[in-house]
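Report on the following structure.
The values are calculated or read from the model by the stated rules, or taken from the named source; none is laboratory data. Just so it is clear, the model here is predicted, and its values are computed rather than measured. Quick reminder, even Gly has a Cβ in these numbers, built from the backbone with ideal geometry, and neighbours come from all protein chains shown. With ligands, DNA and RNA removed, areas are computed over all heavy atoms of the protein, side chains included. Shrake-Rupley method; radii C 1.70, N 1.55, O 1.52, S 1.80 Å.
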Amino acid sequence: MAPVSIVIFHSVCGLTADVHAAAERLRAAGHEVVTPDLFEGGTAASVEEGMRMREKEGSPDRDELLRRAVTATAPLLGEGLVYAGFSLGGSVAQTLALADEKARGLLLFSGTSDIPEDAAVDDLPVQLHVGDPDAFEPHDWLTAWYLRMQRAGADVEVHRYPGAGHLYTHASLDDYDEDAAEATWRTALGFLETL
């Protein structure tokens, strides 16, 4: 297995210990991992707290978050990045991966985003892991997302985890589901080995 370069974007909770733990897990498998801090140090102890933090006056909007993400990844472009992200970070990762013709893969945890009508990729490997049900990623949305992603040319896999919470891979949150998280990491590491 050749190591890949991965940029992993955090959720609405910010660049927490859970994201660092995920990055360390990927590094232990031999991959190079970068974890941009889109909130510039801001963290939250729950999704609800993170959402309140994002709604505060002066918080970065989506365009600003994308600008920060582009700035963080610009020095790495050309390496054939794997874009990854948790929840909100998955949305950011997806947007950047679809715009990067050299993207090597897209690994999403509990987060997707709108797909432009003109999106086109050449067999981009995409893997999504999501709790089932997930109030932030409802079934009808995921079905439409899957079909649009396929129409754009991506090679898509969706893995659902019955009973798992939204950020079920984050050990510090109430959503954490150890069995689902371990299954997710086994599958995700296998996916990375194919890239």
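When you look at Val70, is it aliphatic (A, V, I, L, M), on the phi < 0 side of the Ramachandran plot and either in a loop (DSSP other than H, G, I, E, B) or within 14 Å of the chain's Cα centre (by Cα) (or both), yes or no?
No.
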**Request:** Say whether the condition of being within 20 Å of Leu189 (Cβ to Cβ) and within 11 Å of the chain's Cα centre (by Cα) is met by at least one residue in region 111-126.
**Result:** yes
**Message:** Checking the conditions here, which among Val19, Val34, Val47, Val7 is open to solvent by less than 20 Å² (accessible area, probe 1.4 Å) and more than 27 Å from Asp174 (Cβ to Cβ)?
**Reply:** Val7
**Message:** So for region 86-94 (the condition being modelled with pLDDT under 95, in a loop (DSSP other than H, G, I, E, B) and either within 18 Å of Phe191 (Cβ to Cβ) or open to solvent by less than 50 Å² (accessible area, probe 1.4 Å) (or both)), does at least one residue qualify?
**Reply:** no
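Quick grid of which residues meet (1) within 20 Å of Glu48 (Cβ to Cβ); (2) in a strand (DSSP E or B); (3) open to solvent by less than 40 Å² (accessible area, probe 1.4 Å):
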residue: Leu66; (1), (2), (3): no, no, yes
residue: Tyr83; (1), (2), (3): no, yes, yes
residue: Leu107; (1), (2), (3): no, yes, yes
residue: Asp114; (1), (2), (3): no, no, no
residue: Val121; (1), (2), (3): no, no, yes
residue: Ala135; (1), (2), (3): yes, no, no
residue: Met149; (1), (2), (3): no, no, yes
residue: His166; (1), (2), (3): yes, no, yes
**Message:** Go through region 168-195 and report how many residues are touching a helix residue (DSSP H, G or I) at 6+ places or on another chain (Cβ under 8 Å) and not in a helix (DSSP H, G or I).
**Reply:** 7
